[in-house]
């Protein structure tokens, strides 16, 4: 079981960790990590592990093991493997991670602005998309203006935890129709934007205030079914 340090502090860029295992298929398991593992439409982190002698093991991807009970850090082909018990320092590719944090937060803002359910999403460095349960397409310029206004409000983004039972008693908190909230520990993590702008279960990484998202441009709006609308976005920078 890898302790997911990013869950409580998405701004941690590195941490000391101990190698628990090198799996038969070449994945590295650590006792703790700042690397986010692929899930919920957000890709896993990349970066490197620094060994005691200063050498580096480049991490090309991070994924979950079966059942999402532990991280698997996938080294680049040809990498030297560490030994179980070895201490390393895990360094996340911060520039990439921070763009993904901004993108992920932007999709939360879009969902809140349009006040509807999410049917799918895919977060990327250059472009992200969100699919929404909407019978009619929104008016593009008006939605862009509302999104940018929400960003400019500089709202705080915070997290809290509720029990599985509390979530079951409040199903309206769940905004996604395609991905179940991350469960398994008996608690579910909530992400809140502002006092009452948005509140929903999410295990991903986000910025701490909305103005960090920056300018969002809608690049395309598509019809993906009778009740499904896809919105593609980019960060202006």
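FYI, it's all coordinate maths here, none of it is from the lab. Bear in mind that the values here come from a model prediction, so they are computed numbers and not experimental data. Cβ sites come from the backbone with ideal geometry, for glycine too, and all protein chains shown count toward neighbours.
For residue 161 and residue 212, what is the calculated FRET efficiency with R₀ set at 25 Å and r taken between the beta-carbons, to the nearest 0.05? Write down the numbers at each step before the final one.
On the way: r = 23 Å, r/R0 = 0.92.
Calculated transfer efficiency: 0.60.
Rounded, prolate or oblate for the stretch 1-43? Axes are the square roots of the Cα gyration tensor eigenvalues, ordered a ≥ b ≥ c, and the cut-off for rounded is a/c under 1.5. Present the calculation step by step, with values, prior to reporting the outcome.
Values: a/c = 2.49, a/b = 1.31, b/c = 1.91.
It comes out oblate by the Cα gyration axes.
Using Cα-Cα distances under 8 Å and only pairs 6 or more residues apart, what relative contact order does the stretch 97-235 have, in percent?
Reported as a whole number, the value is 34 percent.
Given N residues in the stretch 97-235, what is its alpha carbon radius of gyration divided by 2.2 N^0.38 Å? Before the final figure, lay out each step's value.
Working: Rg = 14.4 Å, N = 139, 2.2 N^0.38 = 14.3 Å.
The reported ratio for this selection is 1.01.
How much length is gained on full extension from residue 11 to residue 25, taking 0.36 nm per residue of separation minus their Cα-Cα distance? Show your work: numbers first, answer last.
On the way: separation 14, 0.36 × 14 = 5.04 nm, distance 3.02 nm.
Additional length available on full extension: 2.0 nm.
Relative to the longest principal axis of the C-alpha atoms of the chain, give the angle of the C-alpha long axis of helix 140-152, reported between 0 and 90° and rounded to the nearest 10°.
Once rounded, the angle reads 60 degrees.
Output the 0 to 90 degree angle, nearest 10, between the alpha-carbon long axis of helix 94-114 and the longest principal axis computed from the alpha carbons of the chain.
30
Return the Cα extents of the chain along principal axes one, two and three, sorted largest first, each rounded to a whole Å.
56, 42, 33
Pairs of alpha-carbon atoms within less than 8 angstrom and 6+ residues apart define the contacts here; what relative contact order does the chain have, in percent? Write down the numbers at each step before the final one.
Working: 520 pairs, mean separation 44.8, N = 237.
RCO, the chain: 19 percent.
Sort the following peptides by mean Cβ neighbour count (other Cβ atoms within 10 Å, averaged over residues), highest first: 194-206, 6-18, 157-169, 94-106. Mind dumping the intermediate values first?
On the way: 194-206: 18.9, 6-18: 16.0, 157-169: 13.6, 94-106: 21.0.
So the order, starting with the most tightly packed, is 94-106, 194-206, 6-18, 157-169.
Determine the percent antiparallel among the DSSP beta bridges restricted to the chain, to the nearest 5.
Numbers: 52 of 55 bridges.
Of all bridge pairs located within the chain, approximately 95 percent are antiparallel.
Can you tell me how much longer the chain between residue 227 and residue 3 gets when fully stretched, taken as 0.36 nm per residue apart minus their C-alpha distance, in nm with one decimal? Mind showing how you got there, number by number?
Working: separation 224, 0.36 × 224 = 80.64 nm, distance 3.93 nm.
Stretched out fully, the residue 227 to residue 3 stretch lengthens by 76.7 nm.
By how many nm would the segment from residue 18 to residue 117 lengthen if fully extended, with 0.36 nm per residue of separation less the alpha-carbon distance? Each step should come with its number before you reach the end.
On the way: separation 99, 0.36 × 99 = 35.64 nm, distance 4.05 nm.
Gain on extension, residue 18 to residue 117, equals 31.6 nm.
Rank by packing, highest mean first: peptides 84-90, 44-50, with packing defined as the count of other Cβ atoms within 10 Å averaged across residues. It would help to have the intermediate numbers written out before the result.
Values: 84-90: 15.9, 44-50: 21.4.
Highest mean packing first, the order is 44-50, 84-90.
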